[in-house]
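See structure below.
Values in this text are rule-based calculations from the coordinates and carry no lab data. Nothing here was measured: the structure is a model prediction, and the numbers come from that model. As a convention, Cβ positions derive from the backbone with ideal geometry for all residues, glycine included, and neighbour counts pool all protein chains shown.
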Amino acid sequence: MSDALSMDGGGAAHGGAGGAAGFARLGDLSSPIASDAGRLIDEVARVAPSAPCSTPSRLTPAGAPLEAALVWPTPGVRVSLDPCPDATASERASLCRAALSRPLAAAQAAVAARVADWQRDFAGRYGAWLGLRVAGGEMRDKLYLDVPQGCAWQSLDEEMAGRPAVLPRRQIRLTMIGLDPASGGVELYYRCARLYPAELDTLMRRFSCPERGQEVVDFIGALTQRTVRFELPSYDMGFSVALQAAGGASVFTWYSNATALLGPAARTRAALLRVGGERGWPMEDYDALSRPDENGQVPEHGLVGVMLAQGQPMHATATIALSPPSTGARAAAEAGLCVGADREARHA
Amino acid sequence: MFDITTVREIDYGPNGVVYVYQDHDKPKLWYMVPVPTLRTVNGAPAFSIAEYTKNGGGLSGLCTFEMELVQPLAAKAAAEAVLGDDISWGGFTWVGGTAYFHYDIEGETEVLAVEPTLYGTNVAAFQIPLETAEALNTFKAAYSEGGGASPFRVEYDMQVLTKLLGAKATVKYVAEAAIHYEKTYKTVRDTWGNQKQVLQDVKQVLQQSGAGEVNVEIGAGSTQELEQRVRDWGWTTLETQVANTVAAAATMATGPNPVSATTSFEQTYSEDTVIDWSTPVSSFMRKFSSEEWNKLFIRVDNRKLSVVFNMIGQLTRTGDGEAIAESVTVTVDYPTRTTGNTFTLIVKDGDQSSMIYEAPGDFSGGAYNAEFTFSYVIQFKDGTSFQSDPVTTTDTLINITPNVFGTRQVSFIGQSIPFLTGASPNGTVKTVNIDFFFAPPSGSPAIVQTKTMTGNGEDGAVLFESYYNLPIGQAYSYRLRYQMSDNSEVISQPPGALSSAPDNTTSGNADIVFVKDPKGLFTQFTLRAFNYAGQSQDLLLVDVNAQYFDPANDPNGWLYENTWSNWQPSGLLSFAEPRWNFQAVDNTNSAYYNIAGTIFYSDGTDFTLANYKQSSEYKTLTITNTIENYSVLVDTTLIDWSEVASVNLTMFQLKKTAKEEFGDTLPDFFTKPREEMTTEERAAALGSQDNLLLFSILSPAGTPQVDDLNRYYGVQRLREDPLVEFYYTAVYVMKSDGEQRTLTDQKVEGKLSVELPALPPAQVKPGIVRHRVEPAALADHMRAAG
């Protein structure tokens, strides 16, 4: 199963509005993902920023620098993080790269080098994020690289896909690249205009994925409780394709900004709990992680996605903004890399 | 009548899907929702793209095409394979609809809305001016690459009457959520104000803000499939209602964002209620083969004139289904075309309901001349005919609506009215008297007709129909008088003739008015403030008391009251909390708010709202640091109801830019109702009029009481401009012969009240009454009011 998605939540652009779930809630997750969550907590404490960072992070709509992704029906939890919201895009890219536990494979490094050129020549938004998850008992990290607008991403896209671009009128644009050093694979994240149901299969065909668009449409219909007649009913959507090191796509994921599909966080939470409940999915951890705070505010959601891994049933994912741990970013601050956190730490 | 609980999805062909419904009473009778298809005329697609190579007159090209709704033979065959070949097919009776063309240019999605014919095959003619080379190339690429589907689609949202069976539904709009969303995420839009374009934005706002709610409860034995269909319908209904609300709010003089002037509402549809069921259908248009393309695409030096003439609306009689006329022969006058300027549209033949008139562009004056003149002759079935006056215009879509045939058909249908005789044991309504009025052709007596409704649904429908064979206006007005079991009367009357929404393009002849439970309408009143930047003072503190009066239903005093004390507006836009909610009778024609209080500014000045009165049609009071609010009393007591059947009053202010542009002379077309203006006149009115309010005042019918109720109009005065100015037009319809008398141009100084005269003089040029109130007179008035 591939990583869940992460992208530009625009938190800074929205002034850091909305709420984030308390970091401690990760520790309350139940079996079978409780042990994974425990290890993630430890790892996050090592690399995540501390609470006093002064700038809202773009990682989440809430401005929080962390995001938890839950997956169903086979339960899973991942974390994406912004190691230093106060840093510039290029500083953040360096921080994330430096935090990887092992070097990138040669092919991945070549891709990263091309992205670095793009980031040098075009203004990026955030530079990079860092992803964490536990797989096969091992802590795995993943580098998410920001693909700046205006760069010549099309050549990389065609090389990777091995086929010409499709759907020229849907404004498809490569926005992020995910690199998991342990697998050696490359995941391409695209943003696009509103798609029509049949166009999902067109995208899947391009990457030689089985045509399973109807599963996406059915899930969207269940979530929104509306018949999908024309365009998919999200106003901000995209998709990703995970390519294996040996070649070939392993996972196709459709995703949407949660608000653009389901509305405010409380509506998103209600829809996910309802559909998960109807399908008999284990929703207890999500219920706990997304529960409203003492003011009744549900934590902001980032994305809702439908993951189609080859040979596996459809999985759904949703991301929730997390507030940073109070002891985070020690490593970054100590290394003198995270300027803002460092400053805040000294002030503290 | 078809049964919504029987909906079936039928797959046909490679990718086709249609929906079919079974008749409620005849199991072998089915109805198929038809599919949008490009029309074929004389064996060729009704489609063309022209590229202008030299003199485009501001255009690079023009795309014109016609769509229609058809039931594909393959879909019928597929349905019969599933349902049995012994079934028969019924036809839907459409009561309304809109056709949308969805396309995109340079990544921007565009939507063009037109009204289909509503009879025959619902032909919808689209004409898209391609302003840039990029737009032209986009269209060429979209249609010319041979075979398959183009990226552009046409959607028809059609309505048909049926019963809500097996489920009940509630639709709810929470204005606060939409406003919060707009404040947080949206910048000012320029599309607000056009009702059908607004709908596209409303869908997004409702979904993302959480401001829309649709709850469906299915009855015992009903399926989840039905629940889904009813929910789909609920959302479409809610989206349309919110779009209407936003479009109406856009006519207020209330700052940059009409969404913030909307207020919450809720509507419940119980089981068995008659509703207008929506059946949205959509198809991607096809690309053309190179052989077809070579015929459909033309390259010409000069821009051409291209005008769509289109008959729309219900052009058959409700009773016998007969066409209301034989034909309409149109003659066009344009300098470059000397032959073939006359053509005939056949009323009973949907295939001959539209015509695209084309002529080489006239550049004799140097620039492209968009102006042409047309007139038409209607041939009626009784051998009489009507010759229209010539009309000169630049409109490229000419709709010939049923009112020009003299036809008016309006059905009133009860929706869950608690009748004493009804199923509900708690019924409180004995009957509903409906007073109905429209201006007849000159020479015919004008009367307020009254008919009585005694039951809900189509069986209890009350129909008003008239066929004059002479043109009538589009507007009509009505008043509902509910006779209650305790012998009291509840009066409910909308404010204006038809809608005051600016984009009132419905054909308006065969309307359906749903009559609801008179009591318990959820009403919300909002007090909001704008603090504009760069002003010499800010709003500091607001102390306001508001009272709701409805003298038609309760002459004894205010019915509801609310006070906001020591409210401190903050930021650009803020709202006094909590919102004021109460349950009232829907009587926006004469109910009003009386507002008293004081507004304090940061420069130490203050302003007294001295019993400021505002029509209850506007449920938001806006105060800003740039304007002051005053109310104008509209005195109707002098009207001579022994001679007058109805008075239509249109009140407005002018935007600052329009004042500068027009000076003392307003355009003549301002005297026309919006629905009778040409497209360009309507656009000009929209761009220059502010704070538009319509009052339709009916002579008494069936009641001993004369309508002597005062109306109120709220006006705004710029703090930097001490002069208060507002304008109105009034049209009196005389009882004896339907003569329409208007007020002539007048200037009134120093009066913050309007006295409608007993009778306007006969035979005067329609004019506009302009009121100017200088500061000294205003101060006197305020002293008296306070």
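A few remarks follow.
- Our note on the geometry: Cα centres of the stretch B:360-435 and the stretch A:125-195, 56 Å apart.
- Residues whose amide H lies under 5 Å from that of B:Leu559, counting only those 5 or more places away or on a different chain, are B:Tyr548, B:Phe549, B:Asp550; hydrogens are built 1.01 Å from N in the peptide plane.
- Cα pair distances exceeding 28 angstrom across the stretch B:626-786, given as percent: 24
- Using C-alpha pairs below 8 Å separated by at least 6 residues, the relative contact order for the stretch B:626-786 is 35 percent.
- Length-normalised contact order of the stretch A:23-347 in % [C-alpha pairs under 8 Å, at least 6 apart]: 24
- In terms of other Cβ atoms within 10 Å, B:Thr608, B:Thr650, B:Thr263 run from fewest to most in the order B:Thr608, B:Thr263, B:Thr650.
- Ordered by the count of other Cβ atoms within 10 Å of each Cβ, fewest first, A:Met176, B:Met355 give B:Met355, A:Met176.
- Calculated log₁₀ intensity ratio I(q)/I(0) where the Debye formula runs over C-alpha points of chain A, q = 0.11, 0.12, 0.16 Å⁻¹: -0.67, -0.80, -1.53
- Cross-link partners of B:Lys672 among lysines, defined as those whose alpha carbon lies under 18 angstrom from its own and excluding same-chain residues fewer than eight positions apart: B:Lys765.
- Compactness of the stretch A:55-165, expressed as Rg and Dmax over alpha-carbon positions, Å: 15.2, 42
- Rg/Rh for the stretch B:219-377 (Cα atoms only, Rh after Kirkwood) is 1.10.
- In straight-distance terms, cross-link reach from B:Lys168 covers every one of the lysines whose alpha-carbon lies under 20 Å from its own, apart from those fewer than eight places away in the same chain; here that gives B:Lys516, B:Lys519.
- Least to most buried among A:Asp146, B:Asp543 (fewest other Cβ within 10 Å first): B:Asp543, A:Asp146
- Working note: Karplus 6.51/-1.76/1.60 with θ = phi - 60° gives the stretch B:96-104 the couplings x, x, 9, 10, 10, 9, 9, 9, 9 Hz, where Gly and Pro are set to x.
- Choice from A:Pro56, A:Pro313, A:Pro292 showing the highest fluctuation, given a GNM over chain A with Cα pairs closer than 10 Å: A:Pro313
- Using alpha carbons only: equivalent-ellipsoid semi-axes of the stretch A:106-177, gyration tensor based, whole Å: 24, 16, 12
- Distant-in-sequence amide H partners of A:Thr175 (H built 1.01 Å from N, under 5 Å): A:Tyr189, A:Tyr190, A:Arg191
- Separation of alpha-carbon centers, the stretch A:226-245 and the stretch B:116-131, rounded to whole Å: 32
- Per residue, the convex hull spanned by the alpha carbons of chain B comes to 180 Å³.
- Fraction of C-alpha pairs exceeding 16 angstrom in the stretch B:520-622: 58 percent, rounded to a whole number.
- The stretch B:406-488 gives an Rg/Rh value of 1.07, both radii derived from C-alpha positions and Rh following Kirkwood.
- For the protein assembly as shown, the spread of Cα positions along each principal axis, largest first, Å: 95, 77, 72
- Over the stretch B:406-488, relative contact order from alpha-carbon pairs under 8 Å, at least 6 apart, %: 43
- Here the stretch B:406-488 is assigned +1 on the Cβ of each Lys and Arg and -1 on the Cβ of each Asp and Glu. Its dipole about the Cα centre then comes out at about 160 debye.
- Taking every Cα-Cα distance in the stretch B:512-553 and sorting them into 10 Å bins from zero, the calculated P(r) comes out as 15, 32, 23, 18, 12, 0 percent.
- Distance from the stretch B:541-596 to the stretch B:646-699 (C-alpha centre basis), Å: 28
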